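Single-structure report; data block below.
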Amino acid sequence: MFGKTLFLVLMLAWHPAFAAEGPVPVINFELIADASTIFSGEGGKFKEFATAPVVDGDAIFFSATRDNGLTGIFKSRLGNIDMLVSSLDDIPGGVGKFISFEGAPMGVGDQLVFRGTGADQQQGIYYSAGGKISKIVDLNTLMPNSKFRFTSFKRPVFDGRTVVFVGRGDVKEAKETRQYQGAYQYDIQTGQLSVVADWTTKIPHQSLYFGAMDDVTVGHDRVLLTASDQLGKTGIYVKQSGALLALVDASTPIPDVPNATFQGLNDGTVDRSFATQNYAFKTVSKDNTLNGMYAWIDNKLYTLADNKAEMAGGSVNFSSFSKPNIFKDRVFFIGKNPQGHASIYVWKKGSRFPIVHPEIKLSGKTPKSFNLSLESATSDGLAFQVAFEDGSSAIYKAHLRDQVGRVVLSDSLHGNSQGQVQGGQFVEGGGWTLLNDNDRIVWKIPPMSSHGLLEVDIRHFDPRTQLTANKNIFLGLWGNLFNNHERMNLPETDNWELRVGKAHAQFKIEYHARGFGKAKEWVPFDGPFDPQHTYRFRVEWHDGKVTTWIDDKVLHFEGLQYEPVDKFNYLHIGTSTHFGGAGTRGPIYSNVRIVSFDH
């Protein structure tokens, strides 16, 4: 059953058997974008998602192509998708228009940094803000402190102030072509381009010089570089206040592995909260015996997983790793089994468990592979790209909730109810359905905090064929039971309404909080409803924001800042007293749950 809240009961870390400390997080998947018509825009539906997403707060950035071939970089925030840059835009300092955007685009607030390409092998790194695109570097730019021009770039990383990237210059010398490599930083305010390290830079405390550059990333005043020396030995280095220091290299012991030191260091990444000096990285060994995922957290080096660690289920060990992401003390990564099947894992405080794997269906589809950038994590979860077995692809966000909350109402509706039953009937297999207009169940909600969540499962749901009236509020939360929902300016009006009917293409959502209201017609599904599927309806309210979920489709309201929303006293399913009490006949309701998050 797709799009359900995932209660993870299996947590694995170091050994075949151990206990995880603290509550197990709850995971909810939100569909950010796919090829359905609900995400259509200029150029038609999305056809292909070219890169993994990058996350900045509640905004998700990704590049994609539309049906008509239009390629662009998009920003999704709270369900609204905007195209920031596209193949309709001219290349600053170049000829013609952009053709593609390679590598995950780096968005921070209203700023965007990206790698773009054009005709005749044009490529460069560009900055966009306020509707204006400007060039940072391109193939006409000299590599700092040299007479060579750049010939290629790896994708840039941006923290809102500083852009860092790896650049290369291929120079024909005598009988061969020599490749010069460097890691560079660009200050957005001053426009200054400078060297982090290049072929003229010595490895700290060694006589050897830097060789191949792998990755560079930045966290405000700290630049993290993963690179090799001239002999191919890898290391992770930090540049801060002008000084370059080694953090991990071939002399660093691997935790809990006697007589072993690190080799094949790769994918160094910094804490994207920028609140700590934590970082994460992976290793790749030539014989695949020392592949692993590691993190430096609060002045201690941890092994998160390696080839000796069992994957969830305990049948096989990890084979390889990629794409670490770290946010404060939580690390995400992709782990593969010996057959190459990938899962996304999360590690925190010694506990490791999968977030999503090929056995978890997303939007009813079977995942084939997953992809992350090194900047896909945020405070409440992780955005990722998924390719499905049917050849389609999509962008999702996994929301992780560490706080389980206090259940104030739980009613399975299996044969009876804790609420006041006013008509309808309980059905075989569990659940309640209405038979006539004005049938309903009403619950008095126990005291709870201003941060709450309601969940209801509904099956046999096809509202366009089940209601002949214009409107029915079939699910509602109320301050005063069935108060006048039109009186939006009265402070006693607190209610959340979920409506269906001939007047609505699919749903209308209304939310009123202490005299301030919002309403929206909502079409979350591309195509008809599936009466055989059980949909999970959920609403969560907290700190002036309200989210309404139906499986993995989410409608966001924000800006309800008048007062904390804590005046819900009643819940109903079936019909309200509005609109003549016309009922939606057919849906079966079950598993009603209200949770209070007492901070």
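In order along region 262-272, the Karplus-derived 3J(HN,Hα) couplings, from 6.51 cos²θ - 1.76 cosθ + 1.60 at θ = phi - 60°, round to 6, 9, x, 5, 7, 6, x, 9, 9, 4, 7 Hz, and Gly and Pro are given as x.
In this structure the amide hydrogen of Gly544, modeled in the peptide plane, comes within under 5 Å of the amide hydrogens of Val565, none closer than 5 places in sequence on its chain.
When the helices in the chain are scored as -39500 (n - 2.57) per DSSP H run of 4 or longer and the sum is shared across all residues, what 222 nm value do you end up with, to the nearest 500 deg cm²/dmol? Numbers along the way, then the final one.
Values: 1 runs with 4 residues, N = 599.
Computed mean residue ellipticity for the chain: 0 deg cm²/dmol.
Scalar couplings 3J(HN,Hα) for region 31-36, obtained by applying the Karplus form with A = 6.51, B = -1.76, C = 1.60 to θ = phi - 60°, are 6, 8, 6, 8, 8, 6 Hz; x denotes Gly and Pro. Each residue of region 176-190 is assigned a 3J(HN,Hα), and the resulting list reads 9, 9, 9, 9, 9, 10, x, 10, 10, 10, 10, 8, 4, 6, 8 Hz, derived from the Karplus form 6.51 cos²θ - 1.76 cosθ + 1.60 (θ = phi - 60°), x at Gly and Pro. Summarising the amide proton neighbourhood of Ala104: residues at separation of 5 or more, or on other chains, whose placed amide H is nearer than 5 Å comprise Ala52. What percent does the relative contact order of region 250-294 come to when contacts are Cα pairs within less than 8 Å and at least six residues apart? Normalised by residue count, the contact order of region 250-294 is 27 percent.
Suppose a student asked you for the relative contact order of the chain, using Cα pairs under 8 Å spaced at least 6 residues apart; what percent would you report? Intermediate values should be presented prior to the final figure.
Details: 1666 pairs, mean separation 71.9, N = 599.
Taking the mean separation of contacting Cα pairs over the length of the chain, I get 12 percent.
Each part reduced to its alpha carbon centroid, region 66-82 and region 245-264 end up 43 Å apart.
Taking a ≥ b ≥ c as the square roots of the Cα gyration tensor eigenvalues, with a/c under 1.5 meaning rounded and otherwise prolate when a/b beats b/c, else oblate, which class fits region 120-221? Note, shape of region 120-221 comes out oblate. Spatially, region 515-557 and region 450-484 are offset by 11 Å when compared through their Cα centroids.
Looking at region 29-137, I'd like the Rg to Rh ratio, where Rg is from alpha-carbon atoms and Rh is Kirkwood's inverse mean 1/r. Walk me through the intermediate numbers first.
Numbers: Rg = 13.2 Å, Rh = 14.0 Å.
Taking Rh as the inverse mean 1/r over Cα pairs, Rg/Rh reads 0.95.
Put simply, the amide H of Met143, placed in the peptide plane, has neighbours under 5 Å in Phe148, Arg149, Phe150, leaving out anything fewer than 5 places away on its chain. Region 252-402 gives an Rg/Rh value of 0.96, both radii derived from C-alpha positions and Rh following Kirkwood. Is region 413-471 best put as rounded, prolate or oblate by its Cα gyration tensor, with a ≥ b ≥ c the root eigenvalues, rounded for a/c under 1.5, and otherwise prolate when a/b is larger than b/c, oblate when not? It comes out prolate by the Cα gyration axes.
None of the figures in this text is laboratory data; all of them are computed from the coordinates on show. Just so it is clear, the structure is predicted and the values come from calculations on it, not from any experiment.
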